[in-house]
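Taking it in order: structure first as structure tokens, then the write-up.
The values are calculated or read from the model by the stated rules, or taken from the named source; none is laboratory data. Only a predicted model underlies this, so the values are computations on that prediction, with no experimental measurement involved. Every residue, glycine among them, receives a Cβ derived from its backbone with ideal geometry; neighbour counts consider all protein chains shown.
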Amino acid sequence: MGFWSPDSNVGFYCPTPVQTLPLIYYVEALCVLAALQHCCAFMTPHQKLLIYTDNTNIVNIFSSLRCRPEFNNIIKHAVSKRVESQVDVRVLHIPGDMNSVADAISRAEFDRARTLAANLSIPTLSILDFPPPLPTNKTNFTTPPHTSLGAIKK
């Protein structure tokens with residue numbers, strides 16, 4: 001999993017836990033939570049945070065806060081982080097072809113990510129490791145459910 005901050009020229013990478021590999025929605029939601037958790041640690045109250053993802057299902061989950069029960073712990077943790085930090089967070093869709101740097105980082109293709117960032121006139125991109133989000137309760141985010149995942153339709 002990976003995310004990046006174009007403003008600070010830093011990308012973040014965490015190997016995807018093996019047991020989550022077939023469940024892309026879960027991994028993508030976990031990555032949005034990781035980005036939110038990372039950014040909120042450096043932001044002051046009432047600042048605005050915009051997180052882009054190329055997965056519309058994840059946008060729907062974080063926008064509506066409606067999801068299948070399997071996502072509840074991720075969403076609850078995200079809401080707690082938003083309330084605690086008092087940061088206004090939005091998760092928006094970005095087309096996949098405009099999300100190429102984050103995609104390369106998430107696939108551990110760091111040289112490709114640096115090349116793509118340079119093509120966007122972004123100076124040297126640093127890539128750092130990050131730990132997966134840590135829950136505030138005993139739930140283990142890296143052990144996903146065994147059912148299908150996604151936003152609940154209205």
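Here is a check on your reading of the model: is ASN72 surrounded by fewer than 21 Cβ atoms within 10 Å (Cβ to Cβ) and in contact with an Asp or Glu (Cβ under 7 Å, 6 or more places away or on another chain)? In short, no.
On the given criteria, is THR124 hydroxyl-bearing (Ser, Thr, Tyr) and in contact (Cβ under 8 Å) with a residue 40 or more places away in the chain? Even if it seems obvious, please write down each step before you answer.
Working: hydroxyl-bearing (Ser, Thr, Tyr): yes; in contact (Cβ under 8 Å) with a residue 40 or more places away in the chain: yes.
Taking the combined requirement at face value, the residue satisfies it.
Of the helices (runs of 4 or more DSSP H) contained entirely in the range 2-109, those carrying at least 2 residues that are more than 11 Å from the chain's Cα centre (by Cα) and either aliphatic (A, V, I, L, M) or at pLDDT below 90 (or both) fall at 24-40, 72-85, 100-106. Within the range 110-126, the set of residues being loosely packed, with under 13 Cβ neighbours inside 10 Å and at pLDDT 85 or above comprises ASP111 only.
Do we find that SER64 is touching a Ser or Thr at 6+ places or on another chain (Cβ under 8 Å), surrounded by fewer than 17 Cβ atoms within 10 Å (Cβ to Cβ) and either free of Cβ contacts under 8 Å to residues at least 12 places away in the same chain or more than 27 Å from SER126 (Cβ to Cβ) (or both) in this structure? No, not satisfied.
Go through (1) β-branched (Val, Ile, Thr); (2) over 17 Å from GLY2 (Cβ atoms); (3) at pLDDT 85 or above for THR136 and report which single condition fails. The number of the failed condition is (3).
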